[in-house]
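Heads up: the structure comes next, in structure tokens.
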């Protein structure tokens with residue numbers, strides 16, 4: 001990748017403008033930095049280091065029809081539980097229990 005006429009060193013703000021990132025985020029990236037000055041000083045980035053970072057972190061989309069082995073699978077659809085009784089069946093069970101069915105109910109509605 002060729003950048004337009006840039007100096008051999010870049011400030012964090014210049015790198016941020018290239019990457020569309022905030023200065024703070026640029027300083028947290030794993031790009032080698034040069035500290036200039038005493039104490040806290042200032043940081044500058046060497047142009048080849050920035051280009052190397054871009055090269056190492058470039059992701060290319062897979063070609064159509066290529067093996068999709070690394071593809072993220074779609075979320076599986078929810079499976080209905082077939083073993084649960086439906087509403088009509090539950091109502092029949094309630095009515096049977098209320099009328100003194102097998103469980104020995106009193107036959108008095110609640």
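The values are calculated or read from the model by the stated rules, or taken from the named source; none is laboratory data. Remember, predicted model here, so these are calculated numbers, not experimental data. Cβ sites come from the backbone with ideal geometry, for glycine too, and all protein chains shown count toward neighbours.
For the reader, a short list of remarks on this structure follows.
- Meets criteria (modelled with pLDDT of 70 or more, surrounded by fewer than 10 Cβ atoms within 10 Å (Cβ to Cβ) and under 35 Å from the mean Cα position of the chain (by Cα)) for residue 82: no
- If you go through region 51-67 and pick out every residue that is assigned to a helix (DSSP H, G or I) and surrounded by fewer than 13 Cβ atoms within 10 Å (Cβ to Cβ), you end up with 2.
- Check on residue 100, surrounded by 10 or more Cβ atoms within 10 Å (Cβ to Cβ), modelled with pLDDT under 90, at positive phi and outside any helix (DSSP H, G or I): yes
- Neighbours by Cβ (under 7 Å, 6+ apart or cross-chain): first from region 1-22, under 19 Å from residue 42 (Cα atoms); second in a loop (DSSP other than H, G, I, E, B) and modelled with pLDDT under 95: none
- Residues of region 9-45 satisfying the condition of being at pLDDT 90 or above and part of a loop (DSSP other than H, G, I, E, B): 11, 20, 21, 22, 29, 30, 31, 32, 33
- Only a single item in (1) loosely packed, with under 11 Cβ neighbours inside 10 Å; (2) in a loop (DSSP other than H, G, I, E, B) is not met by residue 48, and it is number (2).
- Some residue of region 30-38 being touching a residue at least 12 places away in the same chain (Cβ under 8 Å), loosely packed, with under 15 Cβ neighbours inside 10 Å and touching a strand residue (DSSP E or B) at 6+ places or on another chain (Cβ under 6 Å): yes
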